[in-house]
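The values are calculated or read from the model by the stated rules, or taken from the named source; none is laboratory data. Since the model is a prediction, treat every value here as computed from it, not as a measurement. Quick reminder, even Gly has a Cβ in these numbers, built from the backbone with ideal geometry, and neighbours come from all protein chains shown.
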Amino acid sequence: MGSSEQTPLAHVIDRSGEPLIRAEGVWKIFGRRADRIVGTPDADLPRAELRAKHDCVAAVRNVSFEVWPREVFVVMGLSGSGKSTLVRTLIRLIEPTAGKIQIAGQDVTAASPQELRGMRRHTSSMVFQHFGLLAHRRVVDNVAFGLEIQGVPKAERLARAEEVLRLVGLEDSGNQFPDQLSGGMQQRVGLARAFAVDPKVMLYDEPFSALDPLIRRDMQDEVIRLQHETGKTMVFITHDLPEALRLGDRIAIMRDGAIVQLGTPEELVGSPADEYVANFVRDIPRSHVLTLRWIMRGARPGEEDGPKLDVRTTVRNAIPAIVGSERPCCAVEAGKIVGVVDHEAVLAAIAGEND
Amino acid sequence: MAVAQAAGPIEAPAASAWWRGRAGAAVVVALAILIAFFGWKNQLPWPAWLTWNSLAHDLDNFQAWLSNNRNVPHPSIVFRAFNGVANFLDNLVGWLTSFFFKLTWAGTTALGTLVVLRFGGRRAAAIVLAVFVSFAALGLWDPVVRTFALTFASVGLSLAIGLPFGIWAGRSDRFQRVVTPVLDAMQIIPAFAYLMPIVILFSVGPGAAVATTLIYAIPPSIRITALGIRGVPTNTVEAAQALGATRMQTLLKVQLPLARRMLLLSVNQTILFALSMVVIAGLIGGQGLGAVVTSGLYSDPALALVAGAAIVIMAIGLDRATEAMANRTDPTRRHLTAGKRRTLHLYTAACAAGVGLAVGLGHALGAGSVWSRWTIQGWLLRYVQNALNYVQNPHTVVFHITDPIGNFVVQYGLNPLQSFFVETPWPAMTFGLALIAYFISGLRPAVVTLAMLALIGGVTNEWTNAMETLSQVLVATGLTLVVGIPLGVWAAESLRARQVMRPVLDVLQTLPQLVYIIPFIYLMPVSIVPGVLASVLYAAPVVIRLVEAGIRDVSPHPVEAAGAFGATRLQVLVKVKIPMARDAIMLGVNQGIIMVLAVVVIAGLVGSGALGYDVAQGLQQSLFGQGVLASLAILALGIALDRVTQGRRRKHIELA
């Protein structure tokens, strides 16, 4: 059905077990003696005051979240909001000042250097904004680089690299050098390099910010496709709200190092937590994001024979069916009617008058 | 109303530039010193009760004790270690010398040319070939080989020390912070100041020459290496870390290959720095071209000039060759496929065979170790000598130009300034200079300046000489700025001017310090003037370059904005570019003054007197104590001048 195309990541996320990533009270303060600030009232000072008083900058403040297997977790914020620092603390490319981070059951914050390396080699991998490719190596050697680090024999790692290059559509470019490729293709190499080690978690640090808008869209499609094919768990950093809404199962909005709202795209658009978030989502057409679940009401007796629509259908996609029907439509989840949507609800959603 | 309120607080700090007040204060202090000079002229020389008089004598005794104890049949472990280092350095140079001699001229030429051909390309190889041919033609092959050996030994050791430390400094912020002030200090010390201590420790010989060169050549190798490692994109290093690379893997697979071009450029710079020390090394037992220059200074100036030219030729050849190799072998730019790689292996083998053949031929044809046939040396020396005779002849036009200029500089520049510095009461001078340092550069530089001046007067007992040197330095710096700043501005504004100046500046910058002085001894036969003019010529290129770079680095946006408001070119220059390039210009003043000092003291060898003369005496007549103290005074003067002129730029950089 059409809805899988419109909400491409509407895959099933199993939240019954353990989360794959768990971050609890993560802090990162840059500056000398940063470790003495966390836990004191000074930690909550505004940025300028903290800088004046301790010559420190709090990049990440008391951030906690969980990411479940197969989930795409987006962290969104403007530049300087601490989002890139946050993703780096997850694998300790930047040491967190305080807090606890677990990935796949392993305590990252307590890991020894060897354990940390093992985790970086096998559990996670990362895609960077400026690609971070090795200019002196061919594309195929770049893709095989993670395996080379692990000590995988040459023939084996090159075979795997070829395989991943096919996956990202670069099978003909293996013998070229990065500077011979366009920006979008270079980032595909970055993607392939991250995929080649078959990680459980993929970390994306603003991977498409440096690309042109059209290519950016292509690359988002690519990520969506790869996500479908491989089912990786992703943490995706971006400053682009449409990108966040397009990719994210859940989105955390950061401001000045702290998460101001964490929720599904619908929750952000439908009920922004504060003015800051509201300003962000103001220009997003609500009907493109909100689903029937968001606008439906309880079914009154006798309304259960209207046309049936999946509860995950966005308002925009439901409009033809709802407008074409005299009777309210029924929202269906797993074969059961969970609510109904009538004309007023749709109009209210489009006009932004509910809540 | 709202606008007025908003404008109020912004206006206040913009009302006057911060330095206007301070510069004014500095000028007031200078005037106060001048009043002290006229009021109490010659009445308060540095007082004896503030001086440590016996130190020179003590140092002489120490030197005697040292040489007695190290040359006994069974010296103690400390001396054995020192002798071991000195012997190792001597032997290294000796071994390299005999290696090049065994290769013969033909073999060395083939080796140099083919290696450069293989890694640097045809153009660079052609230059290298021409350089070798010119060595043979100049009839200087023997000293050239010795200089080669000295340079290669120094460069090899500099890199052996500089590359690891540079890599460390590139990877560790903490180490970078520790090492930077040390490197700064090493680079502001005039070379002349550490000759004496090194001669005492290593005694005269190739070992001392290598040690001197090391002090000079290690800092750039560390700096550029660190710069290269830091220049590797952060993302790339992070990507390796994120994939679980160990520190060693990151270094070997990412940082070193990507920084390779910069590492080779650090080799290039190290070679050039080492070569510029060759002549000074000739003063303390470094054989080769440097010795030809220093001995020729008194006996055969034409030969000294030709040998100086040979050093420049060598510098140009090595510079072009290493630069070409750095660029051509950069793994990030040339994309090597398996096929190309095979071809290159064959190429390498062919080159090796060519070198072998040339060595064989060299021996077979009896080219032997010394190449001395078919030189143009005699012919060239005649011409150079004729030219020198011409400029010295009191009946020629040149003499009528140079002689008045020289006398003018002495009469209206050097003499009054010298008497001002020497005869001003010492408290006015010390505290006045410290106050000026405070107004220009801040509290810490002022304290350092005061301490250094106290060191000069109290410990080294060289107050008069130091003030004399200072007056020469100031005259030379003034001339340097008068020449350098306008030329720098012109070069920044005009492409044509830049194109004309660049090759001239390149050559001037590769000339060793002492070589500058030689022609002026003949052009300006007035004791102090050659040193002053030579130092202007030595420092001006750097000032020109810094001013040019500073003005060209001014962000294009304000320039564009000024143009959009209808500013003329002159207005843009005066109101936008020069004020925005102020830090760079101040850096030019700072560097210029340090470089001037380096040459002015070397000119002590040829009649500039003052501190340099005491060091020269120490070297040539074994007056060790006096030499060491004069060296110390040069060092102190260098640090004081650096601090006074460093301005507030370092703070700016920290904040940025």
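A:Arg88 meets the conditions (1) outside any strand (DSSP E or B); (2) over 29 Å from A:Arg157 (Cα atoms) in every case but one. The failed one is (2). Restricting to the stretch A:145-175, and then to whatever is within 11 Å of another protein chain (Cβ to nearest Cβ) and touching a residue at least 40 places away in the same chain (Cβ under 8 Å), can you tell me which residue is nearest to the chain's Cα centre (by Cα)? The selected residue is A:Gly146. Under the condition of being free of Cβ contacts under 8 Å to residues at least 24 places away in the same chain and part of a helix (DSSP H, G or I), the residues counted in the stretch B:311-343 number 6. Tell me which residues, restricted to the stretch B:608-646, are surrounded by fewer than 23 Cβ atoms within 10 Å (Cβ to Cβ) and closer than 18 Å to B:Gln418 by Cβ. If the condition is that a residue be surrounded by fewer than 23 Cβ atoms within 10 Å (Cβ to Cβ) and closer than 18 Å to B:Gln418 by Cβ, then B:Gly609, B:Tyr613 are the ones that fit. For the condition in contact (Cβ under 8 Å) with a residue 40 or more places away in the chain and either under 18 Å from A:Gly82 (Cα atoms) or in contact with a helix residue (DSSP H, G or I) (Cβ under 6 Å, 6 or more places away or on another chain) (or both), A:Ala210 does not qualify.
What do you reckon, is B:Ser134 at pLDDT below 90 and not hydrophobic (A, V, I, L, M, F, W, C)? Considered against the rule, which asks whether it is at pLDDT below 90 and not hydrophobic (A, V, I, L, M, F, W, C), B:Ser134 comes out as yes. Only residues that are within 7 Å of chain A (Cβ to nearest Cβ) and either closer than 21 Å to A:Tyr204 by Cα or buried (at least 21 other Cβ atoms within 10 Å of the Cβ) (or both): list them for the stretch B:241-264, please. Passing the criteria: B:Gln241, B:Ala242, B:Leu243, B:Gly244, B:Ala245, B:Val254, B:Leu258. Taking every residue in the stretch A:318-337 that is over 17 Å from A:Gly302 (Cα atoms) and pairing it with any residue that is part of a loop (DSSP other than H, G, I, E, B), at least 6 positions away or on another chain, the pairs with Cβ-Cβ distances below 7 Å are A:Ala321/A:Pro307; A:Glu333/A:Val311. Can you spot a residue in the stretch B:97-119 that is within 25 Å of the chain's Cα centre (by Cα) and in a helix (DSSP H, G or I)? No - not one qualifying residue is present in the stretch B:97-119. For the stretch A:176-193, a residue qualifies if it is away from every other protein chain (no Cβ under 12 Å) and of a type in the set (Lys, Arg), and exactly one does: A:Arg188.
The set of residues in the stretch B:219-235 that are touching a Phe, Trp or Tyr at 6+ places or on another chain (Cβ under 8 Å) and at the interface with chain A (Cβ under 7 Å from one of its Cβ atoms) contains only B:Asn235.
Here B:Tyr298 fits the description: more than 14 Å from chain A (Cβ to nearest Cβ), part of a loop (DSSP other than H, G, I, E, B) and surrounded by fewer than 16 Cβ atoms within 10 Å (Cβ to Cβ). The residues listed here are B:Met452, B:Met429; of these, the one that is assigned to a helix (DSSP H, G or I), buried (at least 21 other Cβ atoms within 10 Å of the Cβ) and under 26 Å from the mean Cα position of the chain (by Cα) is B:Met452. Screening A:Lys200 against (1) touching a His at 6+ places or on another chain (Cβ under 9 Å); (2) crowded, with 22+ Cβ neighbours inside 10 Å leaves a single unmet condition, (2). Residues of the stretch B:298-339 that are more than 26 Å from B:Ser276 (Cα to Cα) and among the polar types (S, T, N, Q): B:Thr329, B:Thr332, B:Thr337. For the stretch B:36-58, the candidate set comprises residues that are of a type in the set (Phe, Trp, Tyr) and in a helix (DSSP H, G or I); within that set, the residue that is modelled with the lowest pLDDT is B:Trp49. Filtering the stretch A:218-239 to residues that are in contact (Cβ under 8 Å) with a residue 60 or more places away in the chain and not aromatic (Phe, Trp, Tyr) leaves A:Ile224, A:Gln227, A:His228, A:Glu229, A:Gly231, A:Lys232, A:Thr233, A:Met234, A:Val235, A:Ile237, A:Thr238, A:His239.
The requirement of being surrounded by fewer than 17 Cβ atoms within 10 Å (Cβ to Cβ), among the hydrophobic types (A, V, I, L, M, F, W, C) and under 23 Å from B:Phe100 (Cα atoms) is fulfilled somewhere in the stretch B:329-351, by at least one residue. Taking the numbered list (1) β-branched (Val, Ile, Thr); (2) within 23 Å of A:Trp27 (Cβ to Cβ); (3) within 12 Å of chain B (Cβ to nearest Cβ) in turn, A:Val139 passes all entries but (2).
Within the stretch B:426-442, none of the residues are without any contact (Cβ under 8 Å) to a residue 40 or more places away in the chain and in contact with a Phe, Trp or Tyr (Cβ under 6 Å, 6 or more places away or on another chain). Residues that are in a helix (DSSP H, G or I) and either within 14 Å of chain A (Cβ to nearest Cβ) or more than 30 Å from B:Gly625 (Cβ to Cβ) (or both) do not occur anywhere in the stretch B:192-202. All of (1) closer than 30 Å to B:Thr337 by Cβ; (2) surrounded by fewer than 21 Cβ atoms within 10 Å (Cβ to Cβ); (3) at the interface with another protein chain (Cβ under 7 Å from one of its Cβ atoms) hold for A:Arg117 with one exception: (1).
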